[in-house]
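The values are calculated or read from the model by the stated rules, or taken from the named source; none is laboratory data. Predicted model only: the values in this text are computed from it and were never measured. FYI the Cβ positions are ideal-geometry reconstructions off the backbone, even for glycines, and counts take in every protein chain you see. Side chains are part of the model used for accessible areas, which takes the heavy atoms of the whole protein and leaves out ligands, DNA and RNA. Shrake-Rupley method; radii C 1.70, N 1.55, O 1.52, S 1.80 Å.
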Amino acid sequence: MLALLRRQLTNMHGQFRSSVWDPVLIIAQIITMQCIFYTSAGFWLYLTSYITNFDRHISQFFTHSDLDFGEDSGRINAIGFAINSLCCAFGLWIVVQKTKQCLDYAATVHIIHFFCCWIYNARFPQNFYWWLTNIISLILMTVSGEFLCMRSEMKAIPVSLAPKADL
């Protein structure tokens with residue numbers, strides 16, 4: 001799967017403003033971004049819980065009550081999700097590579113996470129702090145990813161390979 005994604009990304013670099021509909025590439029990018037999201041979240045939630053000596057368990061990803069700001073562990077988990085969104089911005093920069101698509105992919109990652117939380121808890125997320133954390137995470141991921149992609153897109157394009165003549 002990763003080899004297919006790498007081949008697709010390599011093929012796209014040679015084209016100017018390619019807008020070819022490629023569902024295989026889109027699905028591969030969504031799966032890759034979801035993997036980056038959960039891998040990075042696992043790392044940061046484990047690290048922050050280890051440093052602060054809180055319990056480490058898989059429900060930190062999905063449980064609504066684990067993001068209660070009234071408890072120290074909830075605030076630490078929210079910090080872990082904020083750091084995770086910055087790491088996922090690098091994922092957007094590497095995988096998506098287009099400023100205009102950063103919001104689409106960041107929203108898709110968070111919508112899939114929303115449904116995973118809903119299924120895991122068997123009820124709709126009603127915790128205000130869960131919603132606040134995920135909205136802030138979405139905003140951080142989108143803005144940071146757009147910033148990184150825009151920097152890459154704004155690099156100077158060499159017009160000619162001839163040496164510059166001093167006039």
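Per residue, what accessible area does the stretch 78-118 have, given a 1.4 Å probe and all protein chains present, in Å²?
Working: 1770 Å² over 41 residues.
Per residue, the stretch 78-118 has an accessible area of 43 Å².
Summarise the accessible area of the stretch 61-111 (1.4 Å probe, protein heavy atoms) by the percent that is carbon and sulfur. Walk me through the numbers on the way to the answer.
On the way: 1450 of 2160 Å².
Reported share for carbon and sulfur atoms: 67 percent.
At a Förster radius of 35 Å, what calculated FRET efficiency corresponds to the Cβ-Cβ distance of Cys35 and Val159, to the nearest 0.05? Please report the intermediate quantities before stating the final value.
Values: r = 38 Å, r/R0 = 1.10.
FRET efficiency, Cys35 to Val159: 0.35.
Would you mind working out the magnitude of the charge dipole of the stretch 34-115 relative to its Cα centre, with +1 at each Lys and Arg C-beta and -1 at each Asp and Glu C-beta, to the nearest 20 Debye? Numbers along the way, then the final one.
Details: 4 positive and 6 negative charges, 82 e Å.
For this selection, approximately 400 debye.
Could you give me the ³J(HN,Hα) list for the stretch 143-154, computed from phi with Karplus coefficients 6.51, -1.76, 1.60 and θ = phi - 60°, whole Hz, x at Gly and Pro?
5, 5, x, 5, 4, 5, 5, 5, 4, 5, 6, 8
If you take the charge dipole of the stretch 52-167 about its Cα centre, with +1 on Lys and Arg Cβ and -1 on Asp and Glu Cβ, which of Trp118, Ile157, Thr142 is farthest toward its positive end?
My answer, from the dipole projection, is Ile157.
How far, in nm, would the chain grow between Asp22 and Ile79 when pulled straight, counting 0.36 nm per residue and subtracting the alpha carbon separation? Write out the running numbers ahead of the final one.
Numbers: separation 57, 0.36 × 57 = 20.52 nm, distance 3.59 nm.
Going from the current span to full extension adds 16.9 nm.
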